[in-house]
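The values are calculated or read from the model by the stated rules, or taken from the named source; none is laboratory data. Here the structure is a predicted model, which means the values were calculated and not measured. Glycine also receives a Cβ, built like all others from the backbone with ideal geometry; neighbour counts cover every protein chain displayed.
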Amino acid sequence: MHKLILFLLASNFLFADLLDFKTIAQANRAYEMREFTKSAQLFGSLEKESSVVAYDRANALYKAQKYDEALKAYEEAKGVNEAQRLHNMGNSYFQQQTWGKAVEHYEKALKLKEDSDTRFNLELAKRKQKEEEKRKEQEKKQDKKKKKPKKDKKDKKKDKKKQDKPKKEEKKKDKKKDDKKEKDKDKKKSDEPKKKQDKQGEEKPMTPEEAKKEALRKRELKHMMKQLAKKKMPTMMYQTNPKSNEKQGERNVKNPW
């Protein structure tokens with residue numbers, strides 16, 4: 001009886017192994033036929049999934065573009081071809097455009113094994129990461145510009161006044177300069193007649209004839225003052241005219257009084 005139980009158990013294990021082997025074969029065939037979703041499902045249907053099976057399932061999920069599920073399967077496949085597993089995880093993050101995680105896993109893979117494909121993917125991921133950072137910075141700047149409160153009319157007027165103030169001050173300064181120039185010009189003009197008057201007012205030496213006339217004028221003025229004193233001012237003053245002695249109201253006399 002005891003031997004019979006052991007035989008049945010061994011038969012069950014052998015049968016299960018045969019079924020798993022058959023399923024794995026089907027899964028591999030589906031993978032080769034590029035039926036990646038079917039392959040992943042067959043690998044996932046196994047009752048006992050080893051790390052090797054998890055790795056194969058992860059590869060099938062990656063090919064089916066199910067990157068979240070592929071990453072979970074790769075996590076379960078630790079210990080199987082570590083450099084390649086980390087490389088594939090980097091590829092999964094790269095496809096999701098999670099550049100930081102992709103860079104991290106490529107660098108881990110390169111520490112275990114130098115590989116030209118992994119190195120190329122690492123540099124590409126770094127470049128993409130920088131581009132994204134630059135784009136985010138530009139978006140932040142644009143958002144800040146959009147968030148700035150729009151100035152109302154009053155604020156615009158204030159800003160305009162502030163801008164116009166220096167211009168007005170400059171105009172005032174220019175006007176003062178122009179006024180000063182005009183004043184200087186007027187001053188020069190007003191000084192010119194004075195200078196002429198000063199020049200005219202300068203005493204010039206008299207000729208003998210002018211001296212005689214001046215002496216005569218003084219005598220006449222003295223005589224007129226005497227007449228005023230006597231209150232016998234003549235009604236008409238006769239003046240000498242050497243050219244003619246016949247004109248009415250004129251006498252050929254040097255001293256009319």
Quiz item: Q97 fails exactly one of the following numbered conditions: (1) within 49 Å of the chain's Cα centre (by Cα); (2) assigned to a helix (DSSP H, G or I). What is the number of that condition?
Solution: (2)
Quiz item: Which residue out of K172, K160 is farther than 30 Å from Y106 by Cα, at pLDDT below 70 and not assigned by TED's automatic domain parsing to the domain that holds A102?
Solution: K160
Exercise. Report whether or not I24 is modelled with pLDDT under 50 and either part of a helix (DSSP H, G or I) or under 30 Å from A64 (Cβ atoms) (or both).
Key: no
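Please specify each residue of region 35-92 satisfying the condition of being outside any helix (DSSP H, G or I), modelled with pLDDT of 95 or more and either β-branched (V, I, T) or in contact with a Phe, Trp or Tyr (Cβ under 6 Å, 6 or more places away or on another chain) (or both).
We begin by selecting, within region 35-92, every residue outside any helix (DSSP H, G or I); these are 35, 45-50, 64-66, 77-81.
Subset that is modelled with pLDDT of 95 or more: 64-66.
Listed by number, the list holds a single entry, A64.
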